[in-house]
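The structure appears right after this line, and notes come after that.
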Amino acid sequence: MATEDARYRESSQFKQWSFSHSQLAALREDTNAKAVSSISERLSERLVSGTGAPSGATSLPPSNNASNANTPDPEGSSPSLPEFLTAAEESTLVTFYVSELLRAGDHAEFSDEIKATAAVLFRRFYITNSIMTYPPQEMLIVALFFGCKAEGAFPRISDFLKTFQREHPEEILAGEFLLFRGVRFSIDVKHPFRALRGAAMELRSLGDIDSKRIDDAERRARQILRFSPLMTDAYFHYTPSQIMMAALSLADRGLAERLIQATFHYVQPQTESEANTPAASGTSGGDGQRSKPPTEDQATIVGSYIRDRVLGTVEACRDLLHKELPERREHWADRKMYKAHILPLRKKLNKCHDPDRWNLVELQRQTREQAAKKADSDDEGAGGGGRKSVDDDAAVFGGDLSGPAATKRRKVGQVKLEDPFGGAL
């Protein structure tokens with residue numbers, strides 16, 4: 001049977017959504033640069049054609065952004081492009097909208113797994129898609145609806161609309177496939193909640209730890225898991241078990257270290273003299289069979305070297321989670337913080353967002369129209385631009401059809417018979 005670690009390494013979460021710190025930063029920079037380039041082109045076309053741009057996107061002062069797209073016309077004859085968000089500013093906004101997503105999930109009384117899955121899918125989406133391209137305030141509702149289905153809960157769309165005071169199902173359904181494609185069709189999210197329950201059971205089995213201490217640590221660790229990993233990049237850098245151990249370490253460092261020591265405890269192989277004693281063999285005489293001593297491979301797997309590496313990884317994850325403890329919920333909901341740090345970024349976003357992709361309902365309608373036109377053109381191309389004549393059927397048989405049968409076929413082909421099933425749909 002494959003180990004838990006081997007099964008996790010076969011998951012899409014590990015294969016597609018696990019990055020080092022440098023890889024994740026490079027991805028965000030690349031996504032931001034591509035978004036700035038494409039939005040600059042669209043805004044420039046709109047400004048030249050006079051069709052307009054996002055509100056507030058014209059008549060702006062020169063920007064000190066590194067992108068040349070923000071450079072105004074030297075003669076001042078045309079309005080300049082807006083100042084675009086940087087990758088760091090996008091990351092700040094994504095974190096803010098994750099906090100809003102969690103508040104919305106609390107309002108709807110969703111389970112911890114649904115809220116966590118929705119938050120992770122939301123973060124995944126904005127790794128390869130810019131927050132300037134698709135509206136985050138719409139996508140967070142889409143992520144919650146999608147998270148419900150990913151976790152086996154299937155709410156009625158009418159009830160979901162009432163919960164979040166929406167009127168039209170298209171407001172949610174328009175972004176559903178967009179989110180599905182944006183997360184690379186990987187909706188299986190593995191969380192650390194079950195691992196925490198297993199760790200608590202393991203600690204109780206040791207028998208020498210106060211039960212109340214374990215209960216308090218489990219309760220505090222669960223509070224951390226509900227918030228801290230979702231507000232940080234922990235899911236992109238660490239496994240669910242490492243995140244669980246980091247949360248347990250924040251709740252009670254002593255219990256976490258005790259669990260790691262017990263897990264990676266290596267018993268030295270017995271000497272020949274020790275193995276021959278009745279106590280070592282586990283029998284009262286010499287009739288019992290002696291168990292095989294641990295091998296060097298076992299020492300490598302559960303020895304002090306691996307234990308120290310695990311402790312180092314857990315400590316790094318602990319430092320990351322410590323930046324967003326559950327007490328910071330009030331920080332993200334504070335009005336003063338919002339006005340000082342988030343509102344300026346939202347105003348900036350309103351000026352530099354993609355004018356062609358910001359309205360998800362309209363984007364879906366245009367996508368469907370383009371798909372229908374492409375299908376019609378493909379059908380016409382496959383049919384040679386129209387209905388084949390009767391003479392073209394000769395190619396099927398390798399030569400021209402001649403004689404009375406061909407003449408009769410031509411006459412029949414020219415007669416327009418009434419379709420018994422009605423006209424074309």
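The values are calculated or read from the model by the stated rules, or taken from the named source; none is laboratory data. Since the structure is predicted, the reported quantities are computational estimates derived from the model, not experimental observations. Cβ sites come from the backbone with ideal geometry, for glycine too, and all protein chains shown count toward neighbours. Note: areas computed on protein heavy atoms with side chains; ligands, DNA, RNA excluded. Shrake-Rupley method; radii C 1.70, N 1.55, O 1.52, S 1.80 Å.
Looking only at the range 115-140, which residues are β-branched (Val, Ile, Thr), more than 12 Å from the chain's Cα centre (by Cα) and open to solvent by less than 10 Å² (accessible area, probe 1.4 Å)?
Correct list: Ile131 only.
Check Ile224, Ile187 and return the single one that is open to solvent by 30 Å² or more (accessible area, probe 1.4 Å), within 27 Å of the chain's Cα centre (by Cα) and aliphatic (A, V, I, L, M).
Ile187
What tally of residues in the range 322-347 results from selecting those that are open to solvent by 100 Å² or more (accessible area, probe 1.4 Å) and touching a residue at least 24 places away in the same chain (Cβ under 8 Å)?
Here the count works out to 4.
Quickly run through the range 148-161 and pick out the residues that are assigned to a helix (DSSP H, G or I) and either within 12 Å of Thr117 (Cα to Cα) or touching a strand residue (DSSP E or B) at 6+ places or on another chain (Cβ under 9 Å) (or both).
Residues satisfying the conditions are Cys148, Lys149, Ala150.
Between a first residue in the range 182-198 that is within 15 Å of Glu218 (Cβ to Cβ) and part of a loop (DSSP other than H, G, I, E, B) and a second residue that is among the aromatic types (Phe, Trp, Tyr) and open to solvent by 30 Å² or more (accessible area, probe 1.4 Å), which pairs have beta carbons less than 6 Å apart while being 6 or more apart in sequence or on different chains?
none
Give me the residue from the range 162-178 that is without any contact (Cβ under 8 Å) to a residue 12 or more places away in the chain and part of a helix (DSSP H, G or I) and, out of that set, farthest from Gly105 (Cα to Cα).
Ranking the qualifying residues of the range 162-178, first place goes to Phe177.
Being of a type in the set (A, V, I, L, M) and outside any helix (DSSP H, G or I) is the filter here, so list the residues in the range 322-381 that pass it.
Selection gives Leu325 alone.
For the range 148-161, indicate whether the set of residues that are within 26 Å of Thr239 (Cβ to Cβ) and among the hydroxyl-bearing types (Ser, Thr, Tyr) is non-empty.
no
Just to check your reading of the model, which residue among Leu43, Leu24 is within 27 Å of Asp188 (Cα to Cα), of a type in the set (A, V, I, L, M), in contact (Cβ under 8 Å) with a residue 40 or more places away in the chain and in a helix (DSSP H, G or I)?
Matching residue, one of Leu43, Leu24: Leu24.
Of Ala108, Ala87, Ala104, which residue is touching a Ser or Thr at 6+ places or on another chain (Cβ under 6 Å) and either surrounded by fewer than 22 Cβ atoms within 10 Å (Cβ to Cβ) or over 24 Å from Asn350 (Cβ atoms) (or both)?
Going through Ala108, Ala87, Ala104 in turn, the sole match is Ala108.
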